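Data block below; observations after.
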């Protein structure tokens, strides 16, 4: 829960990248998801990851990004490097480091696994950068405006997303209070088998659901008092996010990455296989 | 009241992981068996953080807390709950059962009381909290005041000798507040050590015999109710307004010595006895 | 024309056995500051919901009698329309905020009303200064104190530029500093000649700002009179479980012992003056 709050705070900082139109950043992010799907060349993946890190430095979020990714990177890469040898097809011409029954651990397999890991690293880095430089609420609001005015979809859906970011941390606070109150009634939450422990959480869920239901009625009343109407198509938007040169440039960056991938693939340099 | 200390807090420091400053800083307290104490101070002054140490919900960052001979650092809350009952501010954060009976017997079952023991405890605490005959009622259908009393009852059923109640009267009117506090006073007279945190100074002046003031993580005043409420300067620094009778007494009878807490009726008597007003 | 006019209102919640409001009749003129007191379950919040049309439009039940806001029936006029005339601030500070920061919170209803961005900007700046939260306007409500949250709720209601503000126990879950923040704000609104209805447990604070007090119990109005007249009824208030100001209680105790006061004091200063004046007369 604290993470949700921290993320929201980060998105509100000021920098060149923070001020880029949230929709432009969303498009850039989509490009950065497509790139690792298209190519597995570890050098290309590393170069792009480094580029994002440079951008993170420029926007002053490198420290927080490091804090988050230093934990996430090893988990993701480690997972893949450990699992890959089980699946990498064994051929006699590989340089085997370890070969026994169904376990084949070869240099080639290792390089391949590393490339797979780098794909994940790139998309993870891009995602973290996107979340940490974007006010997600601004994004929801600008998408909401687009949906209402162009697609005639009710503002209800963006509102639900925004409100969940408001209520989630509070629900987290309630949860901790409830846990503490059960501990105070001699409930031992920390011992017993997994099933036993899960069973202990059943009573905890009841006050939590009760508190959510109470909130739900208040929210319904508040929405009415705040003149919200799902069928209202004449809702205005206080903040507009017009596209500027800088936003187009940002989308252009994403497009360039895709073009680079297409070129690499057409030259047959896109896949990790060229190193094997 | 015996002289035997039941809670000892020695050089207690506590820091939340997410914050840089101490939430409780160098607090030293001795609480004796049978005392009725109010801990007052603004939100964020550290009073809830302090009382959460009494049943081990928080473990000291530095220093130690001894409750009935147990160092809280060495025992989980589920064990300390036998000696220290902790009632949370919002009764809806603990109520989960289908019936008052199940709600109240939850704690005793966790401790491992026998069936007969639970039944007798249930009868006793429902009587004490004026909920007798409501064993089969649905807790969610009770009024806010009744739910608050149910929360106290479900803690009392574990037969703790110390009772900590965090903000017992939030969201309740004066009549409900007085009723609840009257019941707590009854428990105190039977020998329970009672510790409450509250913002309602009128309630403090009626029920508490000792008041502890917290400001910015430290205990800044600690003494008999009538003495604490006359320390206008420190109270002002802690953003606490003493009950009006004390302010009025301070202005009209600046030199008078008070040996017990006063209420409007007492002030009227004092004014007449001092000859400030005549008939 | 009165801003609010209720006649013979009776209300029973769906599924409830007893009436929550019975025979409620009163009206509110522009510029009045009215306090509403009474024990829990007296029907104070129910009354606020009837006035704003939340009852019967969102919360259902059996409603009788008439309720008009500026001549419009609050039964039929959409709550969204009434909320442009009456701003309602409720007890639970947390649940009435829906957005992730203060600015978005205040702006949200204005966008719903379809106001142009320039007008929204003007109102936003006005209310941010009024409740003094400009420096906090990008913060998540999670980080705000209870008093700040309620000030946001007041600001959000005021941004819709209502003619009446209803504070329904807005301070009952706050600590003293938070309550004082809200009380100060109420005092400020009084100066700006807004019509305010304030439901409040703390009668001392109400005494400072209200012109008129309505005392309720068990769904009925027991008394509707100027502040001093209500507060001097110490016995009556105590029988309802309302705690009168301690100074008034002290004077009342003195009166029972034969000391006469021309007027019952409420604040410490008044108490000092009244008691020393009695002293001089002796």
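Would you confirm, using the coordinates I've provided, whether residue A:267 is farther than 30 Å from residue B:82 by Cβ and out of contact with any helix residue (DSSP H, G or I) (no Cβ under 8 Å at 6 or more places or on another chain)? In short, yes.
Here residue C:129 passes the criteria (1) closer than 30 Å to residue B:40 by Cβ; (2) surrounded by fewer than 24 Cβ atoms within 10 Å (Cβ to Cβ); (3) free of Cβ contacts under 8 Å to residues at least 40 places away in the same chain except the one numbered (1).
Check C:247, C:230, C:278, C:259 and return the single one that is more than 8 Å from every other protein chain (Cβ to nearest Cβ) and either surrounded by 18 or more Cβ atoms within 10 Å (Cβ to Cβ) or part of a loop (DSSP other than H, G, I, E, B) (or both). Lay out the reasoning, then the answer.
Details: C:247 fails: more than 8 Å from every other protein chain (Cβ to nearest Cβ); C:278 fails: more than 8 Å from every other protein chain (Cβ to nearest Cβ); C:259 fails: more than 8 Å from every other protein chain (Cβ to nearest Cβ).
None of the other options fit; the residue is C:230.
Part of a loop (DSSP other than H, G, I, E, B) and more than 22 Å from residue A:228 (Cβ to Cβ) - does that describe any residue in the range C:42-61? Scanning the range C:42-61 turns up at least one residue that is part of a loop (DSSP other than H, G, I, E, B) and more than 22 Å from residue A:228 (Cβ to Cβ). Scanning the range A:198-217 for residues being within 11 Å of chain C (Cβ to nearest Cβ) and either surrounded by fewer than 16 Cβ atoms within 10 Å (Cβ to Cβ) or on the phi > 0 side of the Ramachandran plot (or both) gives a total of 4. When every residue of the range B:68-77 is checked against the conditions, at least one turns out to be crowded, with 22+ Cβ neighbours inside 10 Å, within 8 Å of another protein chain (Cβ to nearest Cβ) and part of a helix (DSSP H, G or I).
Given C:186, C:153, C:157, C:170, which one is touching a strand residue (DSSP E or B) at 6+ places or on another chain (Cβ under 7 Å), assigned to a loop (DSSP other than H, G, I, E, B) and assigned by TED's automatic domain parsing to the domain that holds residue C:41? Give the derivation first.
On the way: C:186 fails: assigned to a loop (DSSP other than H, G, I, E, B); C:153 fails: assigned to a loop (DSSP other than H, G, I, E, B); C:157 fails: assigned to a loop (DSSP other than H, G, I, E, B).
That would be C:170, the only listed residue that is touching a strand residue (DSSP E or B) at 6+ places or on another chain (Cβ under 7 Å), assigned to a loop (DSSP other than H, G, I, E, B) and assigned by TED's automatic domain parsing to the domain that holds residue C:41.
A count restricted to the range A:202-235 and to residues that are in contact with a helix residue (DSSP H, G or I) (Cβ under 7 Å, 6 or more places away or on another chain), without any contact (Cβ under 8 Å) to a residue 12 or more places away in the chain and closer than 24 Å to residue A:170 by Cβ stands at 6. Here residue B:95 meets the list (1) in a loop (DSSP other than H, G, I, E, B); (2) facing another protein chain (nearest Cβ under 10 Å); (3) under 17 Å from the mean Cα position of the chain (by Cα) almost entirely, failing just condition (3). For residues in the range A:132-142 being in a helix (DSSP H, G or I) and touching a helix residue (DSSP H, G or I) at 6+ places or on another chain (Cβ under 6 Å), which is nearest to residue A:57 (Cα to Cα)? Per the stated criteria, the residue is A:132.
Do we find a residue being farther than 30 Å from residue C:117 by Cα and away from chain C (no Cβ under 14 Å) anywhere in the range A:233-247? No, the conditions are met nowhere in the range A:233-247. For the range C:156-169, the set of residues classified as farther than 14 Å from residue A:225 by Cβ and buried (at least 21 other Cβ atoms within 10 Å of the Cβ) consists of C:169 only.
Put simply, of C:273, C:263, C:249 the only residue that is modelled with pLDDT of 90 or more and outside the structural domain of residue C:35 (by TED's automatic domain parsing) is C:249. Considered as a group, the residues in the range A:220-232 that are within 7 Å of chain C (Cβ to nearest Cβ) and out of contact with any strand residue (DSSP E or B) (no Cβ under 9 Å at 6 or more places or on another chain) include one that is nearest to residue A:148 (Cα to Cα), and that residue is A:232. If the condition is being surrounded by 21 or more Cβ atoms within 10 Å (Cβ to Cβ) and either facing chain C (nearest Cβ under 9 Å) or closer than 16 Å to residue C:203 by Cβ (or both), then the range B:170-189 contributes B:172, B:173, B:174, B:176, B:177. Within the range B:68-82, does at least one residue satisfy the condition of being farther than 23 Å from residue B:168 by Cα and in contact (Cβ under 8 Å) with a residue 24 or more places away in the chain? Scanning the range B:68-82, I find at least one residue that is farther than 23 Å from residue B:168 by Cα and in contact (Cβ under 8 Å) with a residue 24 or more places away in the chain, so the answer is yes.
Give the residues of the range C:98-109 that are surrounded by 22 or more Cβ atoms within 10 Å (Cβ to Cβ) and more than 7 Å from chain A (Cβ to nearest Cβ), sorted by residue number. Result: C:101, C:102, C:105, C:106.
Quick test for you: out of C:272, C:223, pick the one residue that is touching a helix residue (DSSP H, G or I) at 6+ places or on another chain (Cβ under 9 Å), outside any loop (DSSP other than H, G, I, E, B) and closer than 28 Å to residue B:170 by Cβ. First the steps, then the outcome.
Details: C:272 fails: closer than 28 Å to residue B:170 by Cβ.
Criteria check complete, one pass: C:223.
Of all residues assigned to the range A:236-252, none qualifies as being assigned to a helix (DSSP H, G or I), farther than 30 Å from residue A:24 by Cα and in contact with a helix residue (DSSP H, G or I) (Cβ under 6 Å, 6 or more places away or on another chain). With respect to (1) surrounded by fewer than 17 Cβ atoms within 10 Å (Cβ to Cβ); (2) more than 10 Å from every other protein chain (Cβ to nearest Cβ); (3) within 24 Å of residue C:265 (Cα to Cα); (4) under 23 Å from the mean Cα position of the chain (by Cα), the lone exception for residue B:226 is condition (1).
The values are calculated or read from the model by the stated rules, or taken from the named source; none is laboratory data. Remember, it's a predicted structure, so these values are computed and weren't measured experimentally. Using ideal geometry, Cβ is built from the backbone for each residue, glycine included, and neighbour counts are taken over all protein chains shown.
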